[in-house]
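Colleague: The structure under discussion is supplied below as structure tokens; questions concerning it will follow.
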Amino acid sequence: MMSNIHLSLIDKLIVNADRALRTLAAGTDLTAERPSPARGQDNTELSQDERRHAAGLMRVNHAGEVCAQALYQGQALTARLPDVRAEMEKAAAEEVDHLVWCRERIHELGSHTSYLNPLWYGLSFSLGAAAGLIGDKISLGFVAATEQQVCRHLQDHLQQLPENDHKSRAVVEQMLVDEAHHADAALAAGGIRFPAPVRGAMTLVSKAMTFSSYRC
């Protein structure tokens with residue numbers, strides 16, 4: 001495993017650059033370890049407005065997974081304890097499934113991933129690296145708070161997605177289960193619970209990202 005190999009700072013930066021390119025590239029070779037929950041679901045007919053709205057919501061979810069990749073990679077780069085670093089790398093690997101599932105569904109709906117993904121990746125990587133430098137408890141707490149925010153978005157999307165869009169709904173439902181597990185695992189590993197003002201600020205940033213990614 002990567003966490004068991006000693007890498008220089010330059011090596012780590014190269015590895016992270018490769019991961020960033022594979023995450024952001026339109027023709028990425030990233031593959032999911034688990035089959036998409038959308039497989040086997042009925043491919044029901046959606047109106048043009050329903051397809052556009054579902055694609056926008058799934059684009060937001062994909063952008064969120066891009067942010068998750070960057071966040072975890074930034075934290076893994078600066079985490080102080082080996083077990084925390086390994087946990088970040090494991091979480092990033094699990095999030096790849098979500099990234100691939102969302103991208104597949106967006107393409108099925110005839111749309112595209114967010115043009116702003118490079119911006120979201122850069123900002124999230126910087127935040128993750130900064131949190132790791134401050135301390136592992138802060139870093140894990142940031143993961144928990146972020147995943148809890150993601151869960152709220154996913155719950156909202158389940159309310160907004162067309163009732164007959166079984167494929168998108170199946171993907172979002174499984175993502176919700178996984179993200180809740182990541183939040184609980186981060187707290188169990190020693191992450192601190194952020195105070196309400198910090199969570200409120202994170203919510204405002206999240207809403208801005210959601211608004212922008214839905215449209216482009």
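Colleague: Name the single residue, out of those in the range 155-175 being surrounded by 20 or more Cβ atoms within 10 Å (Cβ to Cβ) and not in a loop (DSSP other than H, G, I, E, B), that is nearest to the chain's Cα centre (by Cα).
Modeller: M175
Colleague: While we're on this one: Anything in the range 198-208 that is open to solvent by 30 Å² or more (accessible area, probe 1.4 Å) and either in contact (Cβ under 8 Å) with a residue 40 or more places away in the chain or over 22 Å from D136 (Cα atoms) (or both)? List them, or say none.
Modeller: V198, R199, M202, T203, L204, V205, K207, A208
Colleague: Still on this structure: Only residues that are open to solvent by 10 Å² or more (accessible area, probe 1.4 Å) and part of a loop (DSSP other than H, G, I, E, B): list them for the range 47-92, please.
Modeller: Across the range 47-92, the qualifying residues are S47, R80, L81.
Colleague: Another question, if that's okay. Of the residues that sit in the range 176-197 and are touching a helix residue (DSSP H, G or I) at 6+ places or on another chain (Cβ under 7 Å) and part of a helix (DSSP H, G or I), which one is surrounded by the fewest Cβ atoms within 10 Å (Cβ to Cβ)?
Modeller: Looking at the filtered set, the residue picked out is A180.
Colleague: I'd like the full set of residues that are closer than 30 Å to L46 by Cβ, part of a helix (DSSP H, G or I) and either open to solvent by less than 50 Å² (accessible area, probe 1.4 Å) or of a type outside the set (A, V, I, L, M, F, W, C) (or both), limited to the range 105-148.
Modeller: R105, I106, H107, E108, N117, P118, W120, Y121, E147
The values are calculated or read from the model by the stated rules, or taken from the named source; none is laboratory data. Please read all numbers here as calculations on a predicted model, not as lab measurements. Here Cβ is always computed from backbone atoms with ideal geometry, including for glycine, and neighbour counts include all displayed protein chains. These accessible areas exclude ligands, DNA and RNA; they are computed on the full protein's heavy atoms, side chains included. Shrake-Rupley method; radii C 1.70, N 1.55, O 1.52, S 1.80 Å.
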